[in-house]
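Asks: Got a structure for you, questions after.
Bear in mind these aren't lab numbers, they're just calculated from the coordinates by the rules spelled out. All values reported here derive from a predicted model rather than from experimental measurement. We place every Cβ from the backbone using ideal geometry, glycine too, and count neighbours over all the protein chains shown.
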Amino acid sequence: MAEYQPEKLHRLILKISGEFLAGDKGFGFDQAILHQLSDDIIELKRLGYSIGIVLGGGNFFRGKELSEINRAAADNVGMLATIQNAIVVAEYLKQKNYSTEVYSAFPVEKIAKFYTYKRADISLKEGKICFFCGGTGNPFFTTDTAAILRAIELDCDIVLKGTKVDGIYTADPKKDKNAVFIPEISYSEALNQQLNIMDMTAFSLARDYKIPIKVFDITVKGNLKEAVLSRNIGTYVYE
């Protein structure tokens, strides 16, 4: 069994769903959530970590909501939603005097820089908190896949997946009272148990390129830092 070693983590990718940004409203933004998230990111940044962030767009739009139109067109709308989220969270960090850079997977030059791994690597080395939006730049791929892809390109040590539950269980804990929490699990064990940690494209990429994942509860204030520093917070998925 691979042991979680926080002391070996330096460059991180944080993946968060768009739905989290909406809070209980279910749509748009919850300002209290934005302040909490930006404070948690700053708390982690102060420890010296290099941080890249991938946000979903579900607080505005999910491609499957428009099943009557072309899937590629619907996914493009969803990718635009991720750009809105990146700009907003980046601005909250800027207001708190932290330097950010927003990179888009497709050209939107008026509002974000076009992503290349070389540009992003420089920004991370400069100490900027970087947002990677626009998904992978292609339809049919999720923001989970984008997060893993950026982690591979930028030689990141781990992908932190912030969710509304405290980690991975043997079943949905909201539906099954007998669900058991899993503190650590390998890729092969997760596949054998058919645990839906990420979509299969993202999960396969992470496994093939040996990118560890930690799933944790992002809704708890201060939990982002604890998920990085503590072996006892969240579920660690390893090679």
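Asks: Anything in segment 27-47 that is in contact (Cβ under 8 Å) with a residue 24 or more places away in the chain and assigned to a loop (DSSP other than H, G, I, E, B)? List them, or say none.
Replies: 27, 28, 29, 47
Asks: A further question on this structure: Between a residue in segment 207-231 that is free of Cβ contacts under 8 Å to residues at least 40 places away in the same chain and any residue that is surrounded by 16 or more Cβ atoms within 10 Å (Cβ to Cβ) and in a loop (DSSP other than H, G, I, E, B), which pairs come within a Cβ distance under 6 Å, given they are 6 or more apart or on different chains?
Replies: Final answer for the pair search is 226/233.
Asks: Quick test for you: out of 19, 7, pick the one residue that is of a type in the set (Asp, Glu), within 24 Å of residue 210 (Cβ to Cβ) and either in contact (Cβ under 8 Å) with a residue 12 or more places away in the chain or part of a helix (DSSP H, G or I) (or both). Write out each step before concluding.
Replies: Values: 19 fails: within 24 Å of residue 210 (Cβ to Cβ).
Result of the check over 19, 7: 7.
Asks: Please go through segment 88-138 and pick out each residue that is over 24 Å from residue 155 (Cα atoms) and out of contact with any Ser or Thr (no Cβ under 7 Å at 6 or more places or on another chain).
Replies: Listed by number, the residues that qualify are 88, 91, 95, 97, 108, 109, 110, 111.
Asks: When only residues in segment 176-207 that are within 14 Å of the chain's Cα centre (by Cα) and over 19 Å from residue 231 (Cα atoms) count, which is surrounded by the fewest Cβ atoms within 10 Å (Cβ to Cβ)?
Replies: In the first step, residues of segment 176-207 are kept if they are within 14 Å of the chain's Cα centre (by Cα); the result is 197-199, 202-203, 206.
Remaining after also requiring over 19 Å from residue 231 (Cα atoms): 198-199, 202-203, 206.
Values: 198: 24, 199: 14, 202: 24, 203: 21, 206: 25.
Ranking the qualifying residues of segment 176-207, first place goes to 199.
Asks: Out of curiosity, is residue 118 loosely packed, with under 13 Cβ neighbours inside 10 Å, among the charged types (D, E, K, R) and within 25 Å of residue 37 (Cα to Cα)? Even if it seems obvious, please write down each step before you answer.
Replies: Details: loosely packed, with under 13 Cβ neighbours inside 10 Å: yes; among the charged types (D, E, K, R): yes; within 25 Å of residue 37 (Cα to Cα): no.
So residue 118 does not fit the description; no.
Asks: A further question on this structure: Does segment 154-175 hold any residues that are buried (at least 17 other Cβ atoms within 10 Å of the Cβ), at negative phi and not β-branched (Val, Ile, Thr), and which are they?
Replies: Scanning segment 154-175 gives 154, 156, 157, 160, 161, 162, 166, 169.
Asks: Can you pull out the residues in segment 137-149 that are buried (at least 21 other Cβ atoms within 10 Å of the Cβ) and either touching a Lys or Arg at 6+ places or on another chain (Cβ under 9 Å) or of a type in the set (A, V, I, L, M, F, W, C) (or both)? Step through it out loud before you land on a result.
Replies: Pass one, segment 137-149, residues buried (at least 21 other Cβ atoms within 10 Å of the Cβ): 143-149.
Matches in segment 137-149: 143, 144, 146, 147, 148, 149.
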